[in-house]
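Comments concern the structure below.
The values are calculated or read from the model by the stated rules, or taken from the named source; none is laboratory data. Quick caveat, the model's predicted, so the values are computed rather than measured. FYI the Cβ positions are ideal-geometry reconstructions off the backbone, even for glycines, and counts take in every protein chain you see.
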Amino acid sequence: MYNDPTLYPYPPVHYQQYPAHPYHYAPYWAWDRYPSVDTKMLANSVSSTENLLKDASLLISKLSDPKIAHELMTSAQNGNQKEVDRIIHTFGSKSTIITSFSPSAIQFTMGPHVAGTHPCCQLSLSLKWGD
């Protein structure tokens, strides 16, 4: 009784007030079109990432020195974040480096040093130093 189609007109009368959805006007192959490709932002990210990789290489080469590695690990073991940051920033990196550590690893998150804009890219580096 309630499902009888003769009782309910289709489409409902109040639908006639509204225009049809735009996909009714476009051919089916035009529904999923994307805007044209612009590679300027990608090129900017690539060039910034090249600089981040150079700074990451500098960071790795400095940490390969046993004296610096011992000083860094001792400061981290004592929970001295300021000293860890000071040691990292003495390496002469041009990138912004955020350092976090745990008993088993140290993590570096590197980004381009550009003030006032959204970062275009980010490089994360995690080094294991314990069990």
Read through the list (1) in contact with a helix residue (DSSP H, G or I) (Cβ under 6 Å, 6 or more places away or on another chain); (2) polar (S, T, N, Q); (3) loosely packed, with under 12 Cβ neighbours inside 10 Å, then give the number of the only condition that residue 99 fails. (3)
Within the range 44-85, which residues are surrounded by 13 or more Cβ atoms within 10 Å (Cβ to Cβ), small (Gly, Ala, Ser) and under 19 Å from residue 109 (Cβ atoms)? 45, 48, 56, 75, 76
Could you say whether any residue in the range 100-109 is without any contact (Cβ under 8 Å) to a residue 12 or more places away in the chain and either farther than 22 Å from residue 48 by Cα or small (Gly, Ala, Ser) (or both)? yes
Please work out which one of (1) closer than 16 Å to residue 45 by Cα; (2) among the hydroxyl-bearing types (Ser, Thr, Tyr); (3) touching an Asp or Glu at 6+ places or on another chain (Cβ under 8 Å) is the condition residue 99 fails and give its number. (1)
Residues satisfying the stated conditions in the range 45-78, i.e. assigned to a loop (DSSP other than H, G, I, E, B) and either among the polar types (S, T, N, Q) or at pLDDT below 90 (or both): 64, 78
